[in-house]
Every structure is written in C-alpha cells, then in structure tokens.
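Here's the structure we're looking at; comments come further down.
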Amino acid sequence: MGKCDGRCTLLVICSLQLVAALQRQVFDFLGYQWAPILANFLHIVAVILGMFGTVQFRFRYLIFYAIWLVLWVGWNSFIICFYLEVGNLSQDTDFLMTFNTSLHRSWWMEHGPGCLVTPVLDSRIAPDDHHVITVSGCLLDYQYIEVLSSAIQILLALFGFVYACYVSKVFQDDEDSFDFIGGFDSYGYQPPQKSSHLQLQPLYTAG
C-alpha cells in the first residue's frame with residue numbers, strides 16, 4: 001500500500017508540473033522568451049519520462065527525473081533573481097530571455113491584471129521595428145507574476161524530488177528482494193535425490 005500511495009502521489013505531482021509547464025510555455029511563446037521556451041520544453045520531456053518511469057517501474061527514468069529537478073530549481077531561482085534584478089542583473093540592459101534577438105519582454109508586461117497600455121507616438125528611442133509604450137494601473141507588476149510562477153515551479157519540483165527519491169528507493173528494494181528470472185535456481189534450490197532402499201542378497205543354487 002505504501003508503494004502505491006507513493007506512486008500515486010508522484011503521478012499527481014508530475015501531472016501538476018506538466019499543466020504548469022504547458023501554461024508557462026504558452027505565455028513564453030506569446031512573449032518571445034526563447035530561453036524559457038527551451039527550458040520549458042526540456043522540463044516537459046523530463047516530466048513525461050518521470051511519469052513513464054513511475055508507471056512502468058523504471059528506476060533509471062526516475063533518477064534522471066530527480067536530477068533534472070535539481071537543475072530546474074536552479075533555473076527558476078535564476079529567473080527570480082533576474083526579474084528582481086538581484087546583483088548585476090538588469091532587465092533594462094540584459095535580454096537574456098530572448099538570446100539578445102529582440103527587445104520583447106514578458107507577455108505579462110502588457111497583459112497583466114488591470115494594466116493600461118498607452119503607445120508613445122513619434123518616439124526617437126524606439127528601433128524601426130518596435131514601438132514604445134507606457135504601462136500603468138497594473139494590480140500586479142509583470143515581474144512579480146513571473147517570480148510567482150517560478151516559485152510555484154520550485155515548490156512542485158521540491159515535492160517531486162522527494163517523492164521520486166522515495167519511489168525509486170522502493171523500486172530498488174523490490175528488485176533486490178525478488179528475483180524471478182532464475183526461478184528457484186537463484187536461491188540454490190536443488191531437487192531431492194532418490195535413494196534406493198533395496199538390498200541385494202546373494203543367490204544360491206543347488207548343485
């Protein structure tokens with residue numbers, strides 16, 4: 001029962017991770033955030049492998065899934081630091097999320113709750129293929145939405161890591177305890193040998 005409960009819980013966590021990653025992928029596509037798009041794709045693949053390993057009792061897939069979650073926590077921690085501009089990170093000068101291919105920012109910058117977007121006409125600071133806007137009235141700034149999204153990803157990853165280690169440990173213990181490949185031969189089973197209880201007597205004939 002414990003193994004079943006652990007597997008079911010891990011499948012639920014993986015399902016939540018998959019939904020959260022797909023939702024995040026959509027908004028990153030809308031915002032042309034190429035670095036997060038690539039990271040989200042790898043995360044989706046790792047989560048699917050984790051679900052497959054949980055259902056099919058694949059120990060190595062769960063180990064790969066757990067290792068990826070460590071990297072995923074590091075990536076989301078970097079995103080939090082980036083949007084909060086920790087250290088030398090700055091959104092005004094660094095376009096790390098788009099691989100320096102465009103000036104696009106997070107989709108939530110213009111479409112956040114309560115945001116009012118006003119275009120600035122005849123701006124001299126905008127490139128030829130871009131326009132300048134002002135955003136005001138947002139109930140929650142876009143950087144905090146991104147931080148909240150990354151925090152949820154980290155929380156799910158921590159739970160997933162714990163249960164992945166637990167379920168993989170259970171799988172490994174089961175493999176060590178039961179060996180069905182060699183049958184009874186693996187336990188040194190030897191069939192009983194027949195022993196003859198008949199005694200041979202000498203035969204005498206009358207001469």
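The values are calculated or read from the model by the stated rules, or taken from the named source; none is laboratory data. Only a predicted model underlies this, so the values are computations on that prediction, with no experimental measurement involved. Quick reminder, even Gly has a Cβ in these numbers, built from the backbone with ideal geometry, and neighbours come from all protein chains shown. The protein model used for the area step is the full one, side chains on, heavy atoms only, and it has no ligands, DNA or RNA in it. Shrake-Rupley method; radii C 1.70, N 1.55, O 1.52, S 1.80 Å.
Looking across region 17-42 at every residue that is over 19 Å from Ser168 (Cβ atoms), of a type outside the set (A, V, I, L, M, F, W, C) and in a helix (DSSP H, G or I), the one that is most open to solvent (accessible area, probe 1.4 Å) is identified as Gln23. Looking only at region 43-99, filter to residues that are of a type in the set (Asp, Glu) and open to solvent by 70 Å² or more (accessible area, probe 1.4 Å); which one of those is farthest from the chain's Cα centre (by Cα)? Checked region 43-99; the qualifying residue farthest from the chain's Cα centre (by Cα) is Asp92. May I ask you to list the residues in region 48-74 that are hydrophobic (A, V, I, L, M, F, W, C) and within 21 Å of Asp174 (Cα to Cα)? Selection gives Leu49, Met51, Phe52, Val55, Phe57, Phe59, Leu62, Ile63, Phe64, Ala66. Look at (1) part of a helix (DSSP H, G or I); (2) modelled with pLDDT of 85 or more; (3) not aromatic (Phe, Trp, Tyr) and you find that Asp176 fails only one, number (2).
Look through region 111-145, keep the residues that are touching a Ser or Thr at 6+ places or on another chain (Cβ under 9 Å), outside any loop (DSSP other than H, G, I, E, B) and modelled with pLDDT of 80 or more, and return whichever of them is most open to solvent (accessible area, probe 1.4 Å). The qualifying residue most open to solvent (accessible area, probe 1.4 Å) is Leu116.
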